1. Is the range 100-122 home to any residue that is away from ligand 2 (no atom under 16 Å from the Cβ), assigned to a loop (DSSP other than H, G, I, E, B) and within 19 Å of residue 44 (Cα to Cα)?
2. Based on what the data block shows, is residue 146 closer than 30 Å to residue 22 by Cα, under 19 Å from the mean Cα position of the chain (by Cα), at pLDDT 85 or above and in a loop (DSSP other than H, G, I, E, B)?
3. Report every pair of residues separated by at least 6 positions or lying on different chains whose Cβ atoms are under 9 Å apart, first residue within the range 102-120 and farther than 27 Å from residue 52 by Cβ and without any contact (Cβ under 8 Å) to a residue 24 or more places away in the chain, second within 16 Å of ligand 1 (Cβ to nearest atom) and in a helix (DSSP H, G or I).
4. Restrict the check to the range 119-137 and report whether at least one residue is within 16 Å of ligand 1 (Cβ to nearest atom), farther than 14 Å from residue 32 by Cα and under 17 Å from the mean Cα position of the chain (by Cα).
5. Look at the range 85-99 and say how many of its residues are more than 17 Å from residue 143 (Cβ to Cβ) and touching a helix residue (DSSP H, G or I) at 6+ places or on another chain (Cβ under 7 Å).
6. Kindly indicate whether residue 158 is within 16 Å of ligand 2 (Cβ to nearest atom) and in a loop (DSSP other than H, G, I, E, B).
7. What's the total number of residues in the range 68-81 that are outside any strand (DSSP E or B) and either more than 16 Å from residue 40 (Cβ to Cβ) or within 16 Å of ligand 1 (Cβ to nearest atom) (or both)?
8. I'd like to verify a number: residues in the range 123-143 that are part of a strand (DSSP E or B) and buried (at least 17 other Cβ atoms within 10 Å of the Cβ), how many?
Ligand SMILES: [Zn+2]
Ligand SMILES: [Zn+2]
């Protein structure tokens, strides 16, 4: 691509201070260095982890910073040594990356890579300890190695997953955090035996990913929009016209199916 090896100027949502509104700025994004890729972010979503570190309560503040870690994009250029990705590849960022070499990466029981495991206190690239983002020469910190609230971002190649280009990026971007977190917690950690009764607390992207995996569960919807508080329902009941439903939120009042 014509931009390969050059600094790219683009828009990014920059957090200048903890808890202060993000500001749309023109940032400079340096070319990817060894084992890095620069990605054009086409879709990104907001996860509560972004909010938590933006609030920075009880944390060591690291600002200015570009948040964002759940996204989808297309590789713009690759750095030296990158062989498994090429410009034009459709990719998702992965904040807990894999070097594929360390004991954790080779283990079926862990994905806490020695090199690329999530590190919220690091705001620079692993390779040279520098940021790839700047405004008028002033560095802007990265976030969990992804920083997807920018039209272009630079990531370690181990923090990028290549996907089928036919997958719609506007929809599969949630695989890079919410869905994989819910599925992973179920399959790899909870490992509920067949026939288990389980409870899911909260039905955001993570909770819904679990419920999609285990369709015959009983869901405790603690964050119902219905004003009457706790409601119980099973997903199958939502399609059963025989159930008594709350008029406001479709969950079932005083009814155990
Ligand atoms: Zn997330
Ligand atoms: Zn590793």
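The values are calculated or read from the model by the stated rules, or taken from the named source; none is laboratory data. Here the structure is a predicted model, which is why all the values come from computation and not from measurement. All Cβ positions, glycine included, derive from the backbone under ideal geometry; neighbour counts span all protein chains shown.
1. Yes, the range 100-122 has at least one match.
2. yes
3. No pair meets every condition.
4. Scanning the range 119-137 turns up at least one residue that is within 16 Å of ligand 1 (Cβ to nearest atom), farther than 14 Å from residue 32 by Cα and under 17 Å from the mean Cα position of the chain (by Cα).
5. The total comes to 4.
6. no
7. Total satisfying the criteria: 4.
8. Going through the range 123-143 one residue at a time, the tally reaches 3.
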